[in-house]
1. Hey, got the dipole for segment B:64-154? About the Cα centre, +1 on K and R Cβ, -1 on D and E Cβ, debye to the nearest 20?
2. Positive end of the charge dipole of segment B:1-99 (Lys, Arg +1 and Asp, Glu -1 on Cβ, about the Cα centre): tell me which of B:SER77, B:PRO15, B:ALA46 has its Cα farthest that way.
3. Subtract the Cα-Cα distance of B:GLU114 and B:ASN34 from 0.36 nm times their separation in residues, and report this length gain in nm to one decimal.
4. Write down the percent of antiparallel bridges among all DSSP beta bridges whose residues are both part of chain B, to the nearest 5.
5. Using +1 at the C-beta of Lys and Arg and -1 at the C-beta of Asp and Glu, which of A:ASN48, A:SER99, A:LEU73 has the Cα lying farthest in the positive direction of the dipole of segment A:36-126?
6. Within segment B:323-400, which GluC sites (Glu not before Pro) sit in a loop by DSSP and count at most 14 neighbouring Cβ atoms inside 10 Å?
7. Using a simple charge model, +1 on the beta-carbon of Lys and Arg, -1 on the beta-carbon of Asp and Glu, nothing else, what dipole does the protein assembly as shown show about its Cα centre, in debye to the nearest 20?
8. Under a 5 Å amide H to amide H cut-off, with H placed in plane at 1.01 Å, what residues pair with B:SER148 once short-range neighbours are removed?
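None of the figures in this text is laboratory data; all of them are computed from the coordinates on show. Computed from a predicted structure; not experimentally measured. Positions of Cβ are generated from backbone atoms using ideal geometry, with glycine treated the same way; all protein chains shown enter the neighbour counts.
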Amino acid sequence: MAYSDKVIDHYNNPRNVGALPKEDPNVGTGLVGAPECGDVMKLQIKVNAQTEVIEEAKFKTFGCGSAIASSSLATEWVKGKTLAEALTIKNTDIVKELSLPPVKIHCSVLAEDAIKAAITDWKKKH
Amino acid sequence: MVNLPIYMDNHATTPVDPRVLDAMMPFLTNKFGNAASRNHKFGWDAEQAVEEARKEIAALIGADAREIVITSGATESDNLAVKGVAWMYREKGDHIITAVTEHKAILDTCKHLEKEGFRITFLPVNDKGLVDLDDLKRAITDKTTLISIMTANNEVGVIQDIKEIGRIARERGVLFHTDAVQAAGKIPFNVNEMNVDLASLSAHKIYGPKGVGALYVRRRNPRVLLTPIIDGGGHERGMRSGTLNVPGIVGFGKAAQLSREGLAKETAETFRLREKLRNTLEGELDEVYINGDLQKRLPGNLNMSFAYVEGESLLMGINDIAVSSGSACTSASLEPSYVLKALGVGEDLAHTSIRFGIGRFNTEEEVDYVSNRVIETVRRLRELSPLYEMAKEGIDLKSVHWATESS
């Protein structure tokens, strides 16, 4: 399979790899996918409770290059956005940005799910 | 320095040996005759070359040249063996026994016959990839006409107890076919010592050209008859019509000769390199697992799962090395390898498997380069893996409730 230059770039230089303290009240964690399916994404956001702006985002992903790139891109995009803005990110935006082939669309869906799951987790704490 | 990219996928195909190409060249140029032309020198030369090659192919497996039917490749050989026997002996019985880890050329042929009303038993394998011989004995009925079990598996390299299967088949009066594509030329393989009645072979797995294979069909004790699957001019004793691929067959013959003559040395060397690769990877990385039996295995095969690292992302990280993965993402079907599944390898680990196939032209420098690249890439991707992080925190991944439904 041929990868787009952007997928290769994110794979070689993933942005915002790491972990935030799960127990921190300002941190929301999204864990989506399953090992059996070959993709698991963990996306974490640190949110300013007053402004609801995402100040930090981290990810770790088990999955193919497109899954790694989708989640890396997702962390880039959510940083600096409010929760409401972050919720408008659609998987199709990710597909377009990374030029994902049809067989890899599920990677972008998972990244969108990860953003939503992280926000839901944060909201549960507030 | 090693030349990049490195080819270490010798179960998929092998490069043509330069000596094979040299043997073929005259038949791609001025010796272009049709081996079936019986009335001029062009035809005679072609026919003579084919018959010499046939002897070499036969010698590789301890057969007689008259027992070698040339085909377009092992898929055709498998089809001819299974359909040919099933149709020819339909009066005698309608039952065929095979195993779940066979190549698709066998499995899909059997499924085709199932639709025609044949009954097929797909034997399971144990966690080492081996067929249980008691299962086999129990599966045989008085309606069984054929047992088809591969000698060595193309994914995990596991070698079945062919000699014993052949003995059981002979004792019960059932014909025995084996797909010997990965085994012949790589390990000792003899149709008489192993009681094999039919065997599929392929040139391009033994450093010959693509597009040519053979089916060994036993002529005596018992004499095996086949209904042809291709109708036409009655070439190959009526079992496979079609103008012979003379340069391909000549190349196949040369490749068989080289494999036979160099077998002991080559087996020892590929085994030594495979063991070096295995020991280095196992020594440097935790949580790596060998898929399939380690002892009953092709000398050049290493199929290993690197837990918490998805196979396709690993391949992407070692993109100057050609190997294969059992990961779903690398297959057209998006299903992980059915062979690993049959061995009971969990889908989580199947997604992390890599098949290394060491062959004649791999060097020790290449093995060192490959192990270094794999080790550094696995380490890097594990830093990126939430599963590795969770495992290190002591979380049992099996106990996690994974949300497999997407929103």
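1. The dipole of segment B:64-154 has a size of about 180 debye.
2. After comparing all options, I get B:ALA46.
3. On the way: separation 80, 0.36 × 80 = 28.80 nm, distance 3.81 nm.
Full-extension gain reported as 25.0 nm.
4. Numbers: 21 of 39 bridges.
The antiparallel fraction comes to roughly 55 percent.
5. A:ASN48
6. B:GLU393
7. The dipole magnitude comes to about 1340 debye.
8. Those qualifying (amide H under 5 Å, at least 5 residues apart or on another chain) are B:ILE97, B:THR98, B:HIS177.
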